[in-house]
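Notes follow the structure.
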Amino acid sequence: MSRPRGRAKTETAQARRRRRPERGSSSPTCLILVPDGTEKRITLTLRPSPPVHTKICQFNKCIAHFRKYRRVFRGHRESCSPSVSCSREKSGDDTREAKTQQHHRMKPFTMKLHSKFPSLDVRFIPVVLLVMGLSTPGQTEIISLDSGNIDDVLNNAGVALVNFYADWCRFSQMLHPIFEEASNIVREEFPDTKQVVFARVDCDQHSDIAQRYRITKYPTLKLFRNGMMMKREYRGQRSVTAIADFIRTQQVHPVKEAATQPEINKVDRSKRNIIGYFETKDSDNYRTFEKVANILRDDCTFLAGFGAVSEHERFSGDNIVYRPPVEGAPDMVYLGSLTNFDLAYAWAQDKCVPLVREITFENGEELTEEGLPFLILFHVKEDTASLEKFQHEVARQLISEKGSINFLHADCDKFRHPLLHIQKTPADCPVIAIDSFRHMYVFPEFKDVSVPGTLRQFVLDLHSGKLHREFHHGPDPTESTPGQVRLGDHTKTFK
């Protein structure tokens, strides 16, 4: 008699465990409202969403009994960083996932209603939401861009913030209401519709536009000035306050007006300065200068003097000078037409954006998105002599390659990990290498950088595919000249 009783107790315990989740279980529960008015609580076995990006954490979905019952989700969901983006590749389940996510957007509000009004039938919640939607104030229209209107809209906007999105991306869906609310706030402060424009592009429907602006992740917020896309996209927090503050900073005038001549002479020589000397603000010359400053405000400091303040520098008329960040270095005068924007912009960009830029953790992603391979000098921060030597040789040998490769320098101590890929340590610096985003190729000896043509041939071998071929198969058999580059376990020989 004792065994049956023990078996019965065991079965009862098992049944009890089946009826409720184990303590500490992460499985969420759903409160099911059956059409007859009764409630039923069930524990769901959930499968995670398919990964969309390596940085995206998984969302649990309450998917069981969706068609059969109306339900209120009561469980948990992991939080994700608002700065994470979706990869452009979509899995086969993305269409179904997007539809499920559209349903989940109502969950938080549904949960609140049910907690305050337990007896409320959730079948009436869509009606409540519809009434509330009709009573909310109208939102500012976000301009939808397509191939027919994009150039006209952007060219006539002083500042345009464009949201490149994809409907299947959950982070694009999360950004939509934030973007619209930020647009409302900014419109109240800047009512001129041509001064600030908020726009969006559906990259699935307009893939040609996405390709034109090299959009590879969603959502991406790009800033445009007078139709020209800025290199630095918006990478701040995706919140209403942060986006509105970002637009406010973009409305700060890019040109500082000098009140006295000594103020011009005491500019910060640690920065790159472009100084304009004009007779009056109301001139085509200054308007061109102002437009250039608007675009390059993040790269240079722009200063202007007018009237008596600039009179001694205007002996031959209005002019612009570049004051390099070297104490005692002479000013460089712009000799082109001041009303030719393209010429003035090209001159200023050449002065404001250095030929050899520093790569940091902050701008690494931005530089990578330019799509050009890197020619990098790894050097100790205090070793300015090696940097100056590298800069000189790049300007002497590689100025014609400026559009095909990025010339960079990096701090050895901060970028130890890339050095490990080429079997180097900070003790080996200075080291020159090419990062093609597939492999890293090492220049033989830094001391040989001054040998005429060696650095240029190193870059040409990248473009011809020779470095990649020799990386995998060793030196070409026809090579017999001295000067070898170490590529992993192989050796690369110069012509």
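The values are calculated or read from the model by the stated rules, or taken from the named source; none is laboratory data. Fair warning: this is a prediction, and the values are worked out from it, not measured in the lab. Quick reminder, even Gly has a Cβ in these numbers, built from the backbone with ideal geometry, and neighbours come from all protein chains shown.
In segment 385-421, the residue that is farthest from the chain's Cα centre (by Cα) out of those that are surrounded by fewer than 20 Cβ atoms within 10 Å (Cβ to Cβ) and assigned to a loop (DSSP other than H, G, I, E, B) is Asp413.
Under the condition of being surrounded by fewer than 17 Cβ atoms within 10 Å (Cβ to Cβ) and of a type in the set (Asp, Glu), the residues counted in segment 168-197 number 3.
Per-residue answers, yes or no, for (1) touching an Asp or Glu at 6+ places or on another chain (Cβ under 9 Å); (2) free of Cβ contacts under 8 Å to residues at least 60 places away in the same chain:
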| position | (1), (2) |
| --- | --- |
| Glu358 | yes, yes |
| Glu366 | yes, no |
| Glu370 | no, no |
| His392 | no, yes |
| Cys412 | yes, yes |
| Ala427 | no, yes |
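Among the residues of segment 294-312, just one is free of Cβ contacts under 8 Å to residues at least 40 places away in the same chain and more than 9 Å from Phe278 (Cα to Cα), namely Ala308. Check whether at least one residue in segment 342-361 is more than 21 Å from the chain's Cα centre (by Cα), in the same structural domain as Asp284 (by TED's automatic domain parsing) and on the phi > 0 side of the Ramachandran plot, and report yes or no. The answer is no, given that none of the residues of segment 342-361 is more than 21 Å from the chain's Cα centre (by Cα), in the same structural domain as Asp284 (by TED's automatic domain parsing) and on the phi > 0 side of the Ramachandran plot. Among the residues that make up segment 304-317, is at least one of them over 30 Å from Cys429 (Cβ atoms), modelled with pLDDT of 90 or more, polar (S, T, N, Q) and in the same structural domain as Lys271 (by TED's automatic domain parsing)? So far as segment 304-317 goes, no, none of its residues is over 30 Å from Cys429 (Cβ atoms), modelled with pLDDT of 90 or more, polar (S, T, N, Q) and in the same structural domain as Lys271 (by TED's automatic domain parsing).
The residues on offer are Val326, Val321, Val380, and the sole one that is exposed (fewer than 12 other Cβ atoms within 10 Å of the Cβ) and touching a residue at least 12 places away in the same chain (Cβ under 8 Å) is Val326. Candidates are the residues of segment 424-439 that are of a type in the set (A, V, I, L, M, F, W, C) and part of a loop (DSSP other than H, G, I, E, B); the one that is farthest from His409 (Cα to Cα) is Phe437.
Listed here are the helices (runs of 4 or more DSSP H) enclosed by segment 150-266 that have at least 3 residues being under 20 Å from the mean Cα position of the chain (by Cα) and closer than 30 Å to Ile320 by Cβ: 240-250.
Of a type in the set (Ser, Thr, Tyr) and touching a Ser or Thr at 6+ places or on another chain (Cβ under 7 Å) - does that describe any residue in segment 183-192? Checking segment 183-192: at least one residue is of a type in the set (Ser, Thr, Tyr) and touching a Ser or Thr at 6+ places or on another chain (Cβ under 7 Å). If you go through segment 279-325 and keep only what is of a type in the set (A, V, I, L, M, F, W, C), within 37 Å of the chain's Cα centre (by Cα) and outside any loop (DSSP other than H, G, I, E, B), you end up with Phe289, Val292, Ala293, Ile295, Phe302, Leu303, Ala304, Ile320, Val321. If you go through segment 333-353 and keep only what is surrounded by fewer than 15 Cβ atoms within 10 Å (Cβ to Cβ), under 16 Å from Lys231 (Cα atoms) and touching a residue at least 24 places away in the same chain (Cβ under 8 Å), you end up with Gln349, Val353. Here Ala210 clears all of (1) in the same structural domain as Arg272 (by TED's automatic domain parsing); (2) aliphatic (A, V, I, L, M); (3) touching an Asp or Glu at 6+ places or on another chain (Cβ under 9 Å) except the condition numbered (1).
Working only within segment 213-230, note down all residues that are among the charged types (D, E, K, R) and buried (at least 16 other Cβ atoms within 10 Å of the Cβ). Scanning segment 213-230 gives Lys217, Lys222, Arg225. For segment 457-480, residues that are at pLDDT below 90 and hydrophobic (A, V, I, L, M, F, W, C) total 1.
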